[in-house]
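The values are calculated or read from the model by the stated rules, or taken from the named source; none is laboratory data. The model shown is predicted, which means the values in this text are computed figures rather than measured ones. Here Cβ is always computed from backbone atoms with ideal geometry, including for glycine, and neighbour counts include all displayed protein chains. Just so you know, the surface numbers come from the protein's heavy atoms only, side chains and all, with ligands and any DNA or RNA stripped out. Shrake-Rupley method; radii C 1.70, N 1.55, O 1.52, S 1.80 Å.
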Amino acid sequence: MARFQTIKGMRDFLPKDAEKLRYVRNTAMEIARLYSFEEIITPVVEHYDLLTAKSGEEIKARMYSFEDLGGRKVALRPEFTASIARLMATSLRNEPKPLKLYSSGTLYRYDEPQFGRYREFWQSNFEIIGSNKPEADAEIIILTDHFMKKLGLSKYLFKIGHVGIMRGLLSQEGADDEQQNRIMQLLDAKRWKEALATSRDFGVSEKSIDVMKHILETKGEDPSKVLPRVEDQLRGCAGSLAATENLQEILGLCRKGGADFEVLVEAGFARGLEYYTGMIFEILVPEMNISIGGGGRYDKLVELFGGEPTPSVGVAHGLDRTALAMENQKAAPRIMKKTVSVIPVNEDAVPKALETALRLRKSGIAADVEVMRRTVSRALQDADRRKSAYALILGPKEIKEGKLTLRDLKEHKQYLISLDEAVRKLLQKK
Ligand code: AMP
């Protein structure tokens, strides 16, 4: 057995996997450009206190934390939002709103490794900071749907809810924030019975426990049917009704804004991160039983970190899992691979081969120059294996005539032409 292996939950990305991940990341970056988000890059290592301040018990228990050599208690980031809230309370405090920020990189959680679950994983993260309007929520959902469609995914749905529905009722019953967080954590873990028992312990009335049970069972694909049912159950609870109305408005804006996606509205939906204050959602791939992204509104977080009151909404896409879903749904990355293999026939032709490869690269054409001094036929076999589209062969005859042989490896044709002509031809075929 080899002496060294990767640590449990950590992976190497060999070229094929790295290429897929890069494609998903590049597409996320393209979405950032199309929706006018600016990129920020924050450190992987942050203060433990920052990362644990509002992430919730579930994530806190699974953090990679340690003391650095300076005696600071630090941790590897398990999410991006805490770092962004830190920036909003410091360097970006006085920036004009809305701020639209995009980040992507690796995150670390001591999760139990399984299919689609790793201890180091990739996310792209989008936040709209400074707007409390439903159109900001809608933009986050619309861009997520666009991202998935751009990658060629078709079988996914948005599970969506609003934490204000449950919290509104619990507030009315006198449960404080801490108590509400505890109940929401249990709901997130689907420990419904315990959530109801805990609510009872916190003094929630039997009547409201009954309403909670109903809310937990209220779900469906058509918001115009599900949400009125929620409203019926919550007559008299202003907070919950405002939440339902807000959710209705957000989904209405998505539809009227031209986005077309499957929805599952769940009135009792809760998510792990405890800082959510409004709409929350996850993107599910039912056939694989995984979630490839999640997000929601968090209006109090920046304030909690010492910034101005800053309503915000965001989403994190799990890029590794998105790549897995693409594989499963046979959504092939549209990667243009038109590499040209440049092959010198002998040692004398090597300088010309290097010069030719540089010229191609400067024209934007990917070139792979032969560096093993193999025979032309061996080098061509290798070009085939590497799936090069063309070979440029340079020998004494070609060099003397100021030409080269351009061989189309797919159509098995070849031309004796000048470098200028070859570049023109290759650019046309790109
Ligand atoms: P969260 O930050 O918990 O809202 O998660 C957002 C998305 O990140 C999820 O929908 C997953 O796609 C992805 N994700 C979360 N945890 C992991 C993990 N341990 N491994 C791979 N992807 C993950």
Which one of Gly70, Met279, Ala259 is farthest out on the positive end of the charge dipole of the range 15-328, using unit charges on Cβ (Lys, Arg +1; Asp, Glu -1) and the Cα centre as origin? Ala259
A 1.4 Å probe over the protein heavy atoms gives the range 237-277 a carbon and sulfur accessible-area percentage of 49 percent
Sorted by chain and then number, the residues having a modelled amide H within less than 5 Å of the amide H of Ala175, at least 5 places away or on another chain, are none
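Net charge within 9 Å of Glu58 by Cβ-Cβ distance, Lys/Arg positive one each and Asp/Glu negative one each, not counting Glu58 itself?
On the way: positive: Lys60, Arg62; negative: Glu57, Asp188, Glu274.
Within the 9 Å Cβ shell, the charges total -1.
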Whole-Hz couplings from phi, Karplus 6.51/-1.76/1.60, listed for the range 251-256; x for Gly and Pro: 5, x, 5, 4, 5, 5
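So if R0 is 22 Å, what FRET efficiency would Asp222 and Lys150 give, r being the distance between their Cβ atoms, rounded to the nearest 0.05?
Calculated value: 0.25.
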With unit charges on the beta carbons (Lys and Arg positive, Asp and Glu negative) and the dipole taken about the Cα centre of the chain, which residue among Val342, Gly314, Pro96 sits farthest to the positive side? Val342
Expressed per residue, the solvent accessible area of the chain in Å² (1.4 Å probe) is about 50 Å²
Only Lys, Arg, Asp and Glu count, each charged at its Cβ (+1, +1, -1, -1), so figure out the dipole size of the chain about its Cα centre, rounded to 20 debye. 2280 debye
Note to self: C-alpha centroids of the range 280-327 and the range 220-237 sit apart, in Å, by 24 Å
Please work out how much length the chain gains when fully extended from Lys213 to Phe66, using 0.36 nm per residue of separation minus the C-alpha to C-alpha distance, in nm with one decimal. 48.8 nm
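How much length, in nm to one decimal, is gained on full extension between Lys413 and Asp49, taken as 0.36 nm per residue of separation minus their Cα-Cα distance? Each step should come with its number before you reach the end.
On the way: separation 364, 0.36 × 364 = 131.04 nm, distance 6.49 nm.
So the chain would gain 124.6 nm between Lys413 and Asp49.
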Please list, in order along the range 122-135, the HN-Hα scalar couplings obtained from phi with the Karplus expression 6.51 cos²θ - 1.76 cosθ + 1.60 (θ = phi - 60°), rounded to whole Hz, x for Gly and Pro. 10, 9, 10, 10, 10, 10, 10, 10, x, 10, 9, 8, x, 5
What distance in nm lies between label points placed 7 Å from Cα along the C-beta direction at Val371 and Tyr110? 4.2 nm
Share of the range 43-152's accessible area from carbon and sulfur, percent, 1.4 Å? 51 percent
What is the range 340-429's relative contact order, in percent, from Cα pairs under 8 angstrom and six or more apart in sequence? 29 percent
I'd like to know which of Asn26, Tyr108, Leu87 lies farthest towards the positive end of the charge dipole of the range 15-328, counting +1 on Cβ of Lys and Arg and -1 on Cβ of Asp and Glu. Asn26
Starting at the first residue of the range 262-279, write each ³J(HN,Hα) from the Karplus equation 6.51 cos²θ - 1.76 cosθ + 1.60 with θ = phi - 60°, in whole Hz, x for Gly and Pro. 7, 10, 10, 8, 10, 5, x, 5, 10, 10, x, 5, 8, 7, 5, 10, x, 4
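Using a 10 Å cut-off on Cβ atoms, rank the peptides 59-66, 128-135, 338-345 from the highest mean neighbour count down. Let's see the in-between values first.
Details: 59-66: 15.4, 128-135: 19.5, 338-345: 22.9.
Ranking the peptides 59-66, 128-135, 338-345 by packing returns 338-345, 128-135, 59-66.
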Under the Debye formula (equal points on every Cα, no solvent term), log10 I(q)/I(0) of the chain at q = 0.08, 0.12 Å⁻¹: -0.58, -1.00
Would you pull out the residues with amide H under 5 Å of Val369's amide H, same chain only if 5 or more places away, H placed 1.01 Å from N? Val342
Could you pull out the trypsin sites (Lys or Arg not before Pro) across the range 8-44 that fall in loop regions by DSSP (anything but H, G, I, E, B) with no more than 16 other Cβ atoms inside 10 Å? Lys8, Arg11
Set the Förster distance to 25 Å, then compute FRET efficiency between Asn26 and Arg361 from the Cβ-Cβ distance, nearest 0.05. 0.80
Report the local net charge at Ile343: Lys and Arg +1, Asp and Glu -1, summed over other residues whose C-beta lies under 13 Å from its C-beta. 0
